[in-house]
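Novice: Let me give you the structure first, and then I'll get to my questions.
The values are calculated or read from the model by the stated rules, or taken from the named source; none is laboratory data. Keep in mind the model is a prediction, meaning the values are calculated, not measured. Neighbour counts are summed over all protein chains in view; Cβ atoms, including those assigned to glycine, are modelled from backbone coordinates with ideal geometry.
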Amino acid sequence: MAHRSAAIEASGLEKSYGAVKVLRGVDLSVARGSVFALLGPNGAGKTTTVRILSTLTPPDAGRARVAGFDVITDRRHVRRAISLTGQYAAVDEMQTGEENLLMMGRLTRLGRTEARGRARELLERFDLTGAARRAVGTYSGGMRRRLDLAAGLVGHPEVIFLDEPTTGLDPRSRQAMWDVVKGLVTDGVTVFLTTQYLDEADQLADRIAVVDGGRVVAEGTPAELKERVAGRRLDLVLCDVAGYERAVRQLGVRLVWSDADRLTLGVATDGGAAHVRALLDEIDPERRAVDRFTVHSATLDDVFMALTGHTARGESRNATGESAAEGAKEAAGV
Amino acid sequence: MSDAIVLTGRTIRLTRRNLDAVLTAMLLPVMLMLVFVYFFGGAIHTGTEYVTYVVPGVMLLCAGFGSANTAVTVIHDMTGGIVDRFRSLDIGGTPILAGHVAASVLRNTVATAIVFGVAFLIGFRPHAGPFDWLAVAGILLMFILAISWLSACFGLIARSPEAAGGFTFLMMFLPYPSSAFVPIDTMPGWLHGFAEHQPVTPVIEALRGLLLDRPVGDSAWQALVWCGGILVVAAGASGALFRRRTA
């Protein structure tokens, strides 16, 4: 059933927790040696999908094969081929970075010397050699995530699952993490990551699947998705209510968002001068109705609006980022 | 098996670095022993030197309290991401929990030895031969093992470290309604039934008998049956509890 080239193959995955249907039939296919991103807001089913594919949770319905093995009937083989780096750093704060990696080495059946060599190699590669002998509790968020990722690589996995690898990180640590993830692919491994950031999926992934409400609502290369969503958004402030209402009518379904109280609305654009000029001419041929305009990068909300017809549950991208950062802080404080 | 050894090493390292917890586990029983011997001991008549009477009870308090701490170390793992990582490495619940239990046994063996040392310093003079000492060590070890597995189960059931800490409290309290600190016949009648038949009593009676070279009677067997029973039930249940918790 699985193609030779597919590292991950899933069809019809369903999962409920009590009365809550988290997955409603997820189909995925990920080519070997590629980076695949599952993009979606909190509660879309990203983590549940990762947990099913990494054999931690059985699905209620559907089938999945990872590295050629069935995640239900051949769990053991799947586990030997994968590594999972979850949302919350799965390393011991009271052990040093080196001890954590040595322990992972021993647990993946490396000999003592081999484990030592592998730990040294990974510490070097993830720029943690200087902190190797310090307790992980003293690490910064970015260092901890890098160590967490290194711990997942000790056993030379074929398929690497990264669940929100940069949520809660500052921009610089985020960039460092991106570089690390890009480096993984040169080793020929397959990376399956989840994210709520469009730019992260854009930067890292060969293909992106957008999930919402437990379903894949769109899939394609970053370029394909951006074409459908448009990369940018033109926001207009209208002069009066009549002009505002006329513009809303005229744009119809192309309207990305609107705020009648502030006479403001947004419409998708590629950000090019020609397109912006054409839009302005279309909405305001007499050049009197539009007061001001701004061009923004499209946010996850815009992607969602365009793909699903509704926003990401009313959470702006900033708000989700903040609440996730808080969650990560809480987890680190435990 | 080798996974369990690696994970035991991990828990020991983590324990060593959590010095507050280690000190509490060692100092609390010593303090209690001093309180009982010097503050209350003069007023309690047991027919022997009070220190001699009370040491088995303190041993047990120390072992129970320290072992109950396993609930806290287990829930700490369960609420973090590390168990998922272990599971994705194909390490099952048994080696993970066995690592906690084995570390608990080592930790409490050390703690118990320290309490014995202090007891000697304040005048505890047992009359036990080498065989008796071996039997004492065996019973204490079985008790520690049983309570550690049981408390690992509580760690799997509890929803928060605070709730898991409640089990520590229970284990600290259980020796009081027994013959640990005062003879049972000095307690009100309605307590006798519980005090005589709860698991702590035969363990204490067996330890006391062996250490003071008195007839042990059935208490040694009862102690082993209690500990063995708890151990089998707890170790058996822990597998199912682990699967339920991680599903």
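Novice: Which number in (1) in a helix (DSSP H, G or I); (2) in contact (Cβ under 8 Å) with a residue 12 or more places away in the chain; (3) not polar (S, T, N, Q) marks the one condition that A:ASP179 misses?
Specialist: (2)
Novice: Among the helices (runs of 4 or more DSSP H) contained in the stretch B:8-114, which hold 1 or more residues that are under 14 Å from the mean Cα position of the chain (by Cα) and either within 11 Å of chain A (Cβ to nearest Cβ) or at negative phi (or both)? First the steps, then the outcome.
Specialist: On the way: elements: B:19-34, B:50-79, B:82-88.
Output list reads B:19-34, B:50-79.
Novice: On to the next question. Quick check on the stretch A:200-210. Is at least one of its residues touching a Gly at 6+ places or on another chain (Cβ under 8 Å), within 16 Å of A:ALA306 (Cβ to Cβ) and aliphatic (A, V, I, L, M)? Quick ask: steps written out before the conclusion?
Specialist: Filtering the stretch A:200-210 for residues touching a Gly at 6+ places or on another chain (Cβ under 8 Å) gives A:207-208, A:210.
Applying the additional criterion that residues be within 16 Å of A:ALA306 (Cβ to Cβ) yields A:208, A:210.
From what is left, the residues that are aliphatic (A, V, I, L, M) are A:208, A:210.
Looking through the stretch A:200-210, at least one residue is touching a Gly at 6+ places or on another chain (Cβ under 8 Å), within 16 Å of A:ALA306 (Cβ to Cβ) and aliphatic (A, V, I, L, M).
Novice: Just one of A:GLY141, A:GLY137, A:GLY231 is over 15 Å from the mean Cα position of the chain (by Cα), at pLDDT 90 or above and over 23 Å from A:ILE82 (Cα atoms); which is it?
Specialist: Values: A:GLY141 fails: at pLDDT 90 or above; A:GLY231 fails: at pLDDT 90 or above.
So the residue among A:GLY141, A:GLY137, A:GLY231 that is over 15 Å from the mean Cα position of the chain (by Cα), at pLDDT 90 or above and over 23 Å from A:ILE82 (Cα atoms) is A:GLY137.
Novice: Which of the residues that make up the stretch B:78-106 are within 19 Å of B:GLU162 (Cβ to Cβ) and in contact (Cβ under 8 Å) with a residue 24 or more places away in the chain?
Specialist: Applying the first criterion (within 19 Å of B:GLU162 (Cβ to Cβ)) to the stretch B:78-106 yields B:78-80, B:100.
Answer for the stretch B:78-106, where residues must be within 19 Å of B:GLU162 (Cβ to Cβ) and in contact (Cβ under 8 Å) with a residue 24 or more places away in the chain: B:MET78, B:THR79, B:HIS100.
Novice: Pick out, from the stretch B:132-247, the helices (runs of 4 or more DSSP H) lying fully within it that include 2 or more residues that are among the hydroxyl-bearing types (Ser, Thr, Tyr) and surrounded by fewer than 17 Cβ atoms within 10 Å (Cβ to Cβ).
Specialist: Working: elements: B:161-173, B:189-197, B:200-211, B:219-246.
Here the list is empty.
Table: residues versus (1) among the charged types (D, E, K, R); (2) within 8 Å of chain B (Cβ to nearest Cβ); (3) closer than 21 Å to A:LEU184 by Cβ; (4) in contact (Cβ under 8 Å) with a residue 24 or more places away in the chain.
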position	(1), (2), (3), (4)
A:ASP60	yes, no, no, yes
A:GLY97	no, no, yes, yes
A:ARG125	yes, no, yes, yes
A:ARG133	yes, no, no, yes
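Novice: Can you list the helices (runs of 4 or more DSSP H) found entirely within the stretch A:241-333 that contain at least 1 residues being acidic (Asp, Glu) and at pLDDT below 85? So that I can check it myself, show each step before the final result.
Specialist: Values: elements: A:241-251, A:273-283, A:300-308, A:317-333.
Filter on the stretch A:241-333 gives A:300-308, A:317-333.
Novice: Do we find a residue being part of a strand (DSSP E or B), surrounded by fewer than 19 Cβ atoms within 10 Å (Cβ to Cβ) and at pLDDT below 90 anywhere in the stretch A:204-217?
Specialist: Checking the stretch A:204-217: at least one residue is part of a strand (DSSP E or B), surrounded by fewer than 19 Cβ atoms within 10 Å (Cβ to Cβ) and at pLDDT below 90.
Novice: On the given criteria, is B:PRO175 of a type outside the set (Gly, Ala, Ser) and out of contact with any Gly (no Cβ under 6 Å at 6 or more places or on another chain)? Don't jump to the end; show me each part of the working.
Specialist: Values: of a type outside the set (Gly, Ala, Ser): yes; out of contact with any Gly (no Cβ under 6 Å at 6 or more places or on another chain): no.
Answer is no for this residue.
Novice: Quick one: which of A:GLY25, A:GLY12, A:GLY45, A:GLY86 is of a type outside the set (S, T, N, Q), more than 14 Å from every other protein chain (Cβ to nearest Cβ) and surrounded by 21 or more Cβ atoms within 10 Å (Cβ to Cβ)?
Specialist: Details: A:GLY25 fails: surrounded by 21 or more Cβ atoms within 10 Å (Cβ to Cβ); A:GLY12 fails: surrounded by 21 or more Cβ atoms within 10 Å (Cβ to Cβ); A:GLY86 fails: more than 14 Å from every other protein chain (Cβ to nearest Cβ).
A:GLY45 is the lone residue from the list that is of a type outside the set (S, T, N, Q), more than 14 Å from every other protein chain (Cβ to nearest Cβ) and surrounded by 21 or more Cβ atoms within 10 Å (Cβ to Cβ).
Novice: Any residue at all in the stretch A:99-118 that is within 24 Å of the chain's Cα centre (by Cα), part of a helix (DSSP H, G or I) and surrounded by fewer than 22 Cβ atoms within 10 Å (Cβ to Cβ)? First the steps, then the outcome.
Specialist: Quick first cut of the stretch A:99-118, residues within 24 Å of the chain's Cα centre (by Cα) only: none.
Looking through the stretch A:99-118, none of the residues is within 24 Å of the chain's Cα centre (by Cα), part of a helix (DSSP H, G or I) and surrounded by fewer than 22 Cβ atoms within 10 Å (Cβ to Cβ).
Novice: Something else now. Please tell me if A:ALA81 is in contact (Cβ under 8 Å) with a residue 60 or more places away in the chain and more than 8 Å from chain B (Cβ to nearest Cβ).
Specialist: Numbers: in contact (Cβ under 8 Å) with a residue 60 or more places away in the chain: yes; more than 8 Å from chain B (Cβ to nearest Cβ): yes.
Yes.
Novice: Have a look at A:LEU238, A:LEU265, A:LEU234 and point out the one that is farther than 28 Å from A:ASP202 by Cα and among the hydrophobic types (A, V, I, L, M, F, W, C).
Specialist: Details: A:LEU265 fails: farther than 28 Å from A:ASP202 by Cα; A:LEU234 fails: farther than 28 Å from A:ASP202 by Cα.
Going through A:LEU238, A:LEU265, A:LEU234 in turn, just one is farther than 28 Å from A:ASP202 by Cα and among the hydrophobic types (A, V, I, L, M, F, W, C): A:LEU238.
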